[in-house]
Amino acid sequence: MSRATPARAASTSISSCRRRLILTINDDGIGICPVLAAGKTVRNRGVGLASMRERVAQLGGTFAIARTSRGTMVSAELPRAA
């Protein structure tokens with residue numbers, strides 16, 4: 001887990017659907033700050049989320065991060081190779 005959230009548990013899943021690969025990570029922490037989830041730059045923060053968002057976009061995919069009622073959810077959806 002991360003220094004950013006005091007989560008006790010996390011889960012990951014990988015699935016494929018219609019020539020897309022979907023990776024989802026959930027944790028039970030306090031949830032992500034809405035400003036960070038929206039992709040805004042925050043002073044004195046790392047570039048981890050921005051880097052993930054950029055790399056997924058370079059591969060033709062979509063990246064999402066959201067605060068849920070149970071913590072934080074991060075997902076990346078990428079095109080599968082033919």
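The values are calculated or read from the model by the stated rules, or taken from the named source; none is laboratory data. Keep in mind that what you see is a predicted model, and the values were worked out from it rather than measured. Positions of Cβ are generated from backbone atoms using ideal geometry, with glycine treated the same way; all protein chains shown enter the neighbour counts.
For the reader, a short list of remarks on this structure follows.
- Members of the stretch 1-54 found to be of a type in the set (Gly, Ala, Ser), at pLDDT 75 or above and farther than 30 Å from ALA81 by Cα, listed by number: ALA7, ALA9, GLY29, GLY31
- Single unsatisfied condition, ALA82 versus (1) closer than 21 Å to ASN26 by Cα; (2) among the small types (Gly, Ala, Ser); (3) at pLDDT below 95: (1)
- Yes/no for ILE65 being within 12 Å of the chain's Cα centre (by Cα), surrounded by 12 or more Cβ atoms within 10 Å (Cβ to Cβ), modelled with pLDDT of 75 or more and not polar (S, T, N, Q): yes
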